[in-house]
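The structure under discussion appears below in the form of structure tokens.
Readers should treat all values here as calculations from the given coordinates under stated rules, not as data from a laboratory. Everything numeric here is computed off the predicted structure, so don't read it as measured data. All Cβ positions, glycine included, derive from the backbone under ideal geometry; neighbour counts span all protein chains shown.
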Amino acid sequence: MRRILLLFVLSALSVVVGCTASNDKKKLTIAVIPKGTTHEFWKSIHAGSNKAAAELKAQGTDVEVIWKGPLREDDREQQIQVVEGFAAQGVSGIVLAPLDDRALVRPVADARRAGVPTVIIDSGLQSDEFVSFVATDNRKGGSLAADRMGQLLGGKGKVLVLRYAEGSASTTEREAGFIDTIKQKFPEIELVSTDQYAGATRDTAKRASENLLNRFGDQVQGIFTPNESSTAGMLLALEDIGKAGKVSFVGFDVSQRFIDALNAGQLHGIVVQNPFNMGYLGVKTMVDNLLGRTVEKKIDTGVMLVTKENMETPEVKTLLRPPLDEYLK
């Protein structure tokens, strides 16, 4: 009887051990949800996410990245629905760039209660119910832009700021960093407009830029824009009135269009993040958490000012031309 009981216990233990081993080797599905899907910035995040998954697979951890997000960066409801949908599906984890720092609080909390943890990337969330925040030091980025503007203008002149969108934590931090640094370090620079918003697309940004240039175009010597679409819209508006290159212009983020504008003297600096690294570290951090490893609550992915003078250095070239084709096949 004892022998039968011992065999039963050993058999049960083998089943438990087998199940544990199986769970350790099961595929981890990571939903990566950007703010939008059209800008080069998000394509870089997608590529970085795919690189992380490929590396983890090569190391023996089966990871699948599922990429899905709203088309436009102002579609809060669609992004909420995407988060809720993945939570209901029971993915292993979510990597999210919230397009609104308040509207996405509840969906992230609900996902956590459903057993689906979230890593926040790019833009902050007014909550602590996430695993880690993987992002640029956005306030520092805005400050770098202000230092460049102060240098370009010799510490004197009039500058306008075209903001991005209300509720976007990342760009709000950039705008605050720029404005605060101008006020503290360059008191002879006057900020003639800081309360206008570009909206979510290049087209809305162009219209907002045209309105600002109609009002202040003959007065200002400098312009700051805090993201890819606002920078693109302002550049188009300046070109239309023949002022591209005649006003000191510092933007944010990178595209081939901006690289060409730097070379042509139409942009005088762009603050460049590392979205490829952001996507990469977002997925790696989530997988570390799922495997029971300790992760940092906040991870800085880096930021740099790029000008015509430094754009051909090896460090900058890597930021300007991430290997998208290799990881977005």
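Descriptive notes on the structure:
- Interchain or long-range residues, amide H under 5 Å from ILE121's placed H: LEU96, ALA97, VAL134
- For a label point 7 Å along the Cα-to-beta-carbon line of GLN59, residues of the range 293-311 with backbone N under 19 Å: 293-301
- Where a label projected 7 Å from the Cα of ARG321 along Cα→Cβ would reach, residues of the range 250-290 with amide N under 13 Å: 256, 259-260
- The count of lysine pairs in the range 138-273 with alpha-carbon distances below 19 Å, taking only pairs 8 or more places apart or on different chains, stands at 11.
- Extension gain from GLN151 to MET304, taking 0.36 nm per residue of separation minus the Cα-Cα distance: 53.5 nm
- For the chain, the dipole from Cβ point charges (+1 on Lys and Arg, -1 on Asp and Glu) about the Cα centre works out to 860 debye, to the nearest 20.
- Net charge over other residues, Cβ less than 12 angstrom from the Cβ of ALA47 (K, R count +1; D, E count -1): +1
- Computed on the range 61-208, the Cα convex hull volume stands at 129 Å³ per residue.
- Highest GNM mean-square fluctuation among ALA169, ALA58, ALA31, for the chain modelled with Cα contacts below 10 Å: ALA58.
- Calculated P(r) of the range 241-290 - Cα pairs past 14 Å, %: 61
- Coil-residue GluC sites (Glu not before Pro) of the range 144-213, DSSP, other Cβ within 10 Å capped at 14: GLU166, GLU188
- The mean of 1/r over all pairs of different alpha-carbon atoms in the chain, once inverted, gives a Kirkwood hydrodynamic radius of 21.1 Å.
- Across the options ILE189, GLY251, GLY177, the greatest Cα extent toward the positive end of the charge dipole of the range 138-273 (unit charges at beta carbon of Lys, Arg, Asp, Glu) belongs to ILE189.
- Extension gain for GLN78 to GLU129 (0.36 nm times residue separation, less C-alpha to C-alpha distance): 16.3 nm.
- Separation in nanometres of the label points that stand 7 Å from Cα toward Cβ, at ALA176 and ASP240: 3.2
- Of TRP67, GLN81, SER92, farthest towards positive along the dipole that unit charges on Lys, Arg, Asp, Glu beta carbons give the range 31-92: TRP67
- When each of SER49, SER248, SER143 is scored by the number of other beta-carbon atoms lying within 10 Å, the sequence from fewest to most is SER248, SER143, SER49.
- Considering only the chain, percent of DSSP beta bridges that pair antiparallel, nearest 5: 10
- Here's the picture: charge each Lys and Arg Cβ at +1 and each Asp and Glu Cβ at -1 in the chain, and of LEU267, LEU160, LEU56 the one pushed furthest to the positive end of that dipole is LEU56.
- Taking the Cα centre of the range 141-219 as reference, the dipole from Cβ charges on Lys and Arg (+1) and Asp and Glu (-1) amounts to some 160 debye.
- Gain upon complete extension [LEU328, VAL295; 0.36 nm per residue less C-alpha separation]: 9.2 nm
- The range 138-273: C-alpha gyration tensor shape, a/c 1.5 cut-off, then a/b vs b/c: rounded
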